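One structure below.
Here, each number is a calculation from the coordinates, and none is a lab measurement. Because the structure is a prediction, the values reported are computed rather than measured. Quick reminder, even Gly has a Cβ in these numbers, built from the backbone with ideal geometry, and neighbours come from all protein chains shown.
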Amino acid sequence: MVANSEAIRTLYQKLIGAWNERNAHAMADLFCEGGESIGFDGSQSIGPEEIVMHLKPIFDNHPTAKFVIKVKSIHFLDLNVAILRSIAGMVPPGETEINSKVNTHHTIIAVRTNDSWKIQLFQNTPAQFHGRPELIEKMTNELREELMKDPKKLF
């Protein structure tokens, strides 16, 4: 299971790397044919083509922030299905500090077919913790620690 856990972690890192590089096609290529992406704002894209159609205009027309991530858990439902849970923060273009207002929880359901892992579902859920600012600060501090390990990821 350790090798499979690493494969799931690598799949997620490729997803985040593609976002940070503003590469819609590279992101979409990581999804199954019917794979689904649910964005921070609730927008839903199903299948690689739709994912590209959704992301490409964002990357072409908006200076997107880069993700800083910390994987919290990887849980296998069976040998061919896994759930990865992560926290993520975003660093706006030209800045070096995480914008805690857009912290998020990431969930990926990954499936293995023919010894290759693909994303069936990626969900990006805002972590606003209404009325609990201490949880926002705790999450942001965890993400700052990840950023301090390798700040070059952002530039």
Notebook entry, point to check: If we count every other residue with Cβ under 14 angstrom of His25's Cβ, Lys/Arg +1 and Asp/Glu -1, where does the sum land?
Noted result: -2
Margin query: Which of the three applies to the stretch 85-155, rounded, prolate or oblate, going by the alpha-carbon gyration tensor with a ≥ b ≥ c and a/c under 1.5 meaning rounded?
Written below: oblate
Margin query: Could you work out the pair-distance distribution P(r) of the stretch 2-154 from its alpha-carbon pairs, with 10 angstrom bin width and percents rounded to whole numbers?
Written below: 11, 41, 36, 12, 0
Item checked: Full-stretch length increase - Gln128, Leu77 - with 0.36 nm per residue and alpha-carbon distance subtracted -> 15.5 nm
Next item on the list: Output the relative contact order of the chain, whole-number percent, from Cα pairs under 8 angstrom with separation of 6+ residues.
Entry: 21 percent
Item checked: Neighbour-count order for His105, His54, His62, His130, fewest beta carbons within 10 angstrom listed first -> His130, His62, His105, His54
Notebook entry, point to check: Quick one: Debye curve from the C-alpha atoms of the stretch 1-53, no solvent, what's log10 I(q)/I(0) at q = 0.20, 0.22, 0.28 Å⁻¹?
Noted result: -0.72, -0.84, -1.10
Next item on the list: Determine the principal axes of the Cα atoms in the stretch 1-90, then give the extent along each, sorted from largest to smallest and rounded to whole angstroms.
Entry: 41, 27, 21
Check: Roughly speaking, what is the centre-to-centre gap between the stretch 75-94 and the stretch 31-50 when only Cα atoms are used, to the nearest Å?
Finding: 15 Å
Next item on the list: Starting with the highest mean, order 93-104, 116-127 by the number of other Cβ atoms within 10 Å, averaged over the residues of each peptide.
Entry: 116-127, 93-104
Notebook entry, point to check: Under 16 Å from a point 7 Å along the Cα-to-Cβ line of Asn4: which residues of the stretch 112-138 have their amide N that close?
Noted result: 112-120
